[in-house]
Structure formats: C-alpha cells, structure tokens
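*Asks:* First, the structure itself, so that you have it in front of you.
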Amino acid sequence: MFQSWLSRHPSPLPRRDFLAGALVAGVAAALVPDRVLADPYEPRRLPLPTGGPPRPVRVRGTVRSGGRGLPGVAVTDGVRVVDTGAEGAFDFVSSSDREYVHLCVPAGHRIPVHATGTARHFRPLAPDARDEARADFTLEPLPDGDAHHTMLVLADIQTEDAAEMARFVDETVPDLEATIRALGDQHRFAVACGDIVFDRHALFDGYEQAVRRLGVPAFQVVGNHDLDKESATAEGGTRTFRRRFGPDYYSFDRGRVHYVVLDDVFWHANGYVGYLDAGQLAWLEQDLERVERGAPVVVLLHIPVEGTRGVRQGGARHTPGGSVANREYLYRLLEPFRTHFVAGHTHDGEHRFVHGTHAQVCGTVCGAWWTGGVAGDGTPNGYAVYEARDEEVRWRYKATGFPDAHQIRAYARGAVPEAPHEVVANVWDWDPAWKVVLYEGGERRGLMAPRVALDPLARATLTPDRLAERRRWVTPFATEHLLFAPVEPTVGPLRVEATDRFGRVYSAAVPRA
C-alpha cells in the first residue's frame, strides 16, 4: 500500500510522523506565502460533521458476465482493493463510513450506465442489522472489443444559468454528436473533467439530459465549482457530487489502457487547494499494483498536476489552486507506467513533460466562461478527443463549430504590439514535438518559434466594454502556444503549416496587415 511505497523510500523521520507530517508539510510549503484561509473569526454557519465511529462491515458479492462469474476483476470501497475469485465472487471487510462498492470496469465489457447515461460502476454500501452488505455486478461483453476506442474529454462545461446551459446544448452537443457519428461503430465514452456546473447543482439535470442525448457512457471528475461550499469539511464538500455520480475517485480499463479518475480538489471550508489525501494515494497504489509495468495509464483530474498559468501571469511559482501541492508522491507512484495526465480548470491549453509523464491541460467547453468563442489564451471553445489503438494513444483538440482541421489561427504582421515586425500563429494544441513552418508563396521561410504572449483575438474581445457585467473579471492571459516569425512588410502571400507529433498536417493563411 502507500506504506509499502514509504518502505522503499525511507525517511530519517519515524514512518508515522513522516506520513502525517510530510503530506501536510508538502501542502504548507506549496501554499506559503499565499493566503488560502479566510479570517478564522469571521462568523460562518457551517453544518458540523455528524455520526459516530465507523463499524466493520462485511461485504460480499459477485461480478458476472455472459451468465458466468468473471475472475480477476478489481473491486474496492475506496480503501481496500480486492480481486474476484475463479467464480467471480469477492468477500472483504469494509466499514460503515464507506458509501460505495465499485469495480474497475474490465476491458472488453460495456460500461454500465444509469438511465441518464452516466456510468453506473458502483453499488451503495448498505449494511443490514448484522453489519453485512451485498453488492453484485452484471457486465455485458463488447462484441467487437475495445482495443480501438475513443474518449471525449469535456473540461469545464461550467454552466451557471439556463442561458449558458442552452449554449452548451445548442452549440456543443450537436458538435459532439457529429464527432460521435464520425467514429462509426468504434467504442467510445465521455468524461466531464470537472466544473460540470458553476456552483449551481440544479444544472446537473441539464448535463445529464445532454449525456442521455449523446448516447455514450459518461464518467465524471469533481471540480471546485461542483462542491458543496457550505460544508465544513473536505469530505462534505463532495457530498452532492457523490450522491449524484458515485465515488469521486475510481478506475476502469478500456483496451490496453488503464484509466484513473482522481479527486484533487481539497476543500477546506474557506476555499480549495490542489491536493491528494493519504487515503486516496494509498488506494491508488493498490490499484496500480494490478497494472502491467510499462502500460499506458491515463489519469484524469480537474486541477492540473503542475499547471503554469500563474507563472505565465507573472507569479514566481505554481499557485496553490492551480496545481497539486503533493504531486511528487503522485509522480513516484506512476513511475513504472507511461502516464498521461488530463486536466482542465485553468481554461487554457498546455502540455508539460515532467518526471517522465505527459501532463496536458485541455481547452474548455465554455472557453472564457461562455463570454464568447475563445478562452483567455485564444483557444476556441471545444473539447479533446483521445483515440487509443492497443497501447498507442493519440489526441487532438476539437473546436466547437469548426472542422477537425481547425487547429491554427494566424495573425498579420504586428498583430501582437510587442512584436511589430512579426507574424504570429496560435496553435492551441501545440507542444514541443510539433513543427510549425512559415511559407511565402509556396516557398519555405523557416520554423516559427514559441514565445509567451497574449493572443490578439482574446486581447481584443475579452475587455470590460465587451463583456456582460457579471463577467467583467474575465481577462486574456499569456500563453506559450503562440509562435512567431519575423517578416518584411512587402512579402508575398504567407501561410502557416503545422505538423503535430502524430504527423498530421494543418495550415492557415496569414492575413494581410
């Protein structure tokens, strides 16, 4: 378990003190000197936690498929992970404070769903008078398997009212439907990557109606705007989310890829920070023990593991609400695997390569909080599309309302005031493996170079005079996926050609100044 990881990485401190102290100290070090707590003497009417000490509960059940017990399926209560036996049965001791028994949906089987279309990979843990509980699962085999599958990632739908929900339904949902149709019979599913709503839990209904309309299974990640903010505890902060969608951390397999969903939003009654508690890390270590070393692991969370938006905006280091404070522990647990982190939260696109992992922040469904068509970094409103074939995982960004090939926005010479003699291209899914080239009249002029700057369209449209009063706080922010090249004012027709890490080629004409 997590303790066994500690045994392989000894500390001069006693182990109990190290576990309790290091995780807390890691958060404290990441937060200082930022102020993350409100005035402790400010009166707040928060409900107090209730309930007595937990009792042991014996849990029995089966996992069946095609009329037979299914062996080797991981089943968990979020603390302990066990495997089903030869006949598909499991038996373990849980406790009365655990809400659910859930399974890692195995590859080759359909994702069970509620009537709403959201994943039903869990059962309530409901002990009887003898403190015993039962949880049975019946799975359906996929006739054509799922070695080739697609995941649609919807980061930050974040609707706050009926008008914004209408935009989601009228703009995003039809675009998703077209993408799903183009996939044909390929296995597919969706993940809402946190901030499904903007503090308005009643709008979960609209999200579920959209999922039902799409007709694909959907998993959910909890975001900071999905929390019960009247709660006095971190556990209480996800109460509504858990009651609606089930456990807030879990895993599932599709083909050769292992997917993990984590809850990295730690609510402290006056705000939140990016943090993974010790219980979740201990569960994760058990979960990963069942994954082949070297296999692809996709980890979905809301707050980026190591997002740099705060740094790009002039900060000296990562902000406590924009990255995971104790991420080093997460990196260590994932060292044996080919890990790809997928996050949202910061409303921009970003790729980071740290400790052998690839950490991606996806552009958002709502862009700049439904104020227009682009986020603060110039990325269009949209969603990410991940395609897996066996162990190879590819991705692309799909801009809402545009064809798949819309991956670049080119600007005329001088569009960025700080670069008056250069043309610029916003390549929103850019990472260092891309090659972006400027052409003049069909002749190659050379590679374009990335630089941190403000996107001209975002700079022009996300201004107080153009925004609704309740969104006057929305501003453009610097991004590193702008690429520059110097040109003379009298050059001929210019074109930007970008080749992504998978060899796909996109192009855009550069307008005249």
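*Asks:* Out of curiosity, is THR240 open to solvent by 10 Å² or more (accessible area, probe 1.4 Å) and either in a loop (DSSP other than H, G, I, E, B) or in contact with a Leu (Cβ under 7 Å, 6 or more places away or on another chain) (or both)?
*Replies:* When the stated conditions are applied, THR240 does not pass them.
*Asks:* Could you please let me know if HIS340 is modelled with pLDDT of 95 or more, open to solvent by 10 Å² or more (accessible area, probe 1.4 Å), assigned to a strand (DSSP E or B) and more than 30 Å from ALA210 (Cα to Cα)?
*Replies:* no
*Asks:* Also, quick follow-up: Out of all the residues in region 403-435, which are open to solvent by 50 Å² or more (accessible area, probe 1.4 Å) and more than 23 Å from the chain's Cα centre (by Cα)?
*Replies:* PRO403, ALA405, ARG413, PRO417, GLU418, PRO420, HIS421, LYS435
*Asks:* Right, something else. Check region 380-387 and report whether any residue there is open to solvent by 20 Å² or more (accessible area, probe 1.4 Å) and under 17 Å from GLY349 (Cβ atoms).
*Replies:* Let us first name the residues in region 380-387 that are open to solvent by 20 Å² or more (accessible area, probe 1.4 Å), namely 387.
When the remaining residues are screened for being under 17 Å from GLY349 (Cβ atoms), the result is none.
No; the residues of region 380-387 include none that is open to solvent by 20 Å² or more (accessible area, probe 1.4 Å) and under 17 Å from GLY349 (Cβ atoms).
*Asks:* Would you be able to say whether some residue in region 403-413 is more than 28 Å from ASP156 (Cα to Cα) and either of a type outside the set (S, T, N, Q) or in contact (Cβ under 8 Å) with a residue 12 or more places away in the chain (or both)?
*Replies:* yes
*Asks:* So is PHE353 open to solvent by 20 Å² or more (accessible area, probe 1.4 Å), more than 12 Å from the chain's Cα centre (by Cα) and more than 23 Å from HIS225 (Cα to Cα) or not?
*Replies:* yes
*Asks:* Return the pairs, sorted by first residue and then second, in which the second residue is open to solvent by 70 Å² or more (accessible area, probe 1.4 Å) and in a strand (DSSP E or B), the first residue lies in region 52-81 and is free of Cβ contacts under 8 Å to residues at least 60 places away in the same chain and over 25 Å from ASP277 (Cα atoms), the beta carbons are less than 6 Å apart, and the residues are 6+ apart or on different chains.
*Replies:* Short answer, once both residue conditions are applied: GLY72/ASP83.
*Asks:* Where the second residue is part of a helix (DSSP H, G or I) and of a type in the set (Gly, Ala, Ser) and the first is farther than 13 Å from ARG327 by Cα and lies in region 270-296, which pairs have Cβ atoms under 9 Å and are six or more apart or on separate chains?
*Replies:* Final answer for the pair search is TYR272/ALA234; TYR272/GLY237; GLU285/SER4.
*Asks:* Among the listed residues THR461, THR400, identify the single one that is of a type in the set (Ser, Thr, Tyr), within 30 Å of VAL342 (Cβ to Cβ) and crowded, with 19+ Cβ neighbours inside 10 Å. It would help to see each step written out before you state the result.
*Replies:* On the way: THR461 fails: crowded, with 19+ Cβ neighbours inside 10 Å.
Sole residue among the options that is of a type in the set (Ser, Thr, Tyr), within 30 Å of VAL342 (Cβ to Cβ) and crowded, with 19+ Cβ neighbours inside 10 Å: THR400.
*Asks:* Could I ask something else about it? Among ARG451, ARG466, which is the only one that is over 30 Å from ALA147 (Cα atoms), modelled with pLDDT under 95 and surrounded by fewer than 21 Cβ atoms within 10 Å (Cβ to Cβ)?
*Replies:* None of the other options fit; the residue is ARG466.
*Asks:* For region 300-320, indicate whether the set of residues that are modelled with pLDDT of 95 or more, touching a Gly at 6+ places or on another chain (Cβ under 9 Å), surrounded by fewer than 19 Cβ atoms within 10 Å (Cβ to Cβ) and not in a helix (DSSP H, G or I) is non-empty.
*Replies:* no
*Asks:* Please specify each residue of region 477-510 satisfying the condition of being under 18 Å from HIS406 (Cβ atoms), buried (at least 20 other Cβ atoms within 10 Å of the Cβ) and of a type in the set (A, V, I, L, M, F, W, C).
*Replies:* If the condition is that a residue be under 18 Å from HIS406 (Cβ atoms), buried (at least 20 other Cβ atoms within 10 Å of the Cβ) and of a type in the set (A, V, I, L, M, F, W, C), then LEU482, LEU483, VAL496, ALA498, ALA508, VAL510 are the ones that fit.
*Asks:* The conditions are (1) at positive phi; (2) open to solvent by less than 40 Å² (accessible area, probe 1.4 Å), and GLY67 fails exactly one of them. Which is it?
*Replies:* So GLY67 meets the others, but not (2).
*Asks:* On to the next question. For region 321-337, how many residues meet the condition of being within 16 Å of the chain's Cα centre (by Cα), touching a residue at least 60 places away in the same chain (Cβ under 8 Å) and in a loop (DSSP other than H, G, I, E, B)?
*Replies:* Of the residues in region 321-337, 1 are within 16 Å of the chain's Cα centre (by Cα), touching a residue at least 60 places away in the same chain (Cβ under 8 Å) and in a loop (DSSP other than H, G, I, E, B).
The values are calculated or read from the model by the stated rules, or taken from the named source; none is laboratory data. Everything quoted here is computed from the prediction, not taken from an experiment. Note that each Cβ is placed from the backbone with ideal geometry, even for glycine, and that neighbours are counted across all protein chains shown. Surface areas here come from the heavy atoms of the whole protein model, side chains and all, with no ligands, DNA or RNA. Shrake-Rupley method; radii C 1.70, N 1.55, O 1.52, S 1.80 Å.
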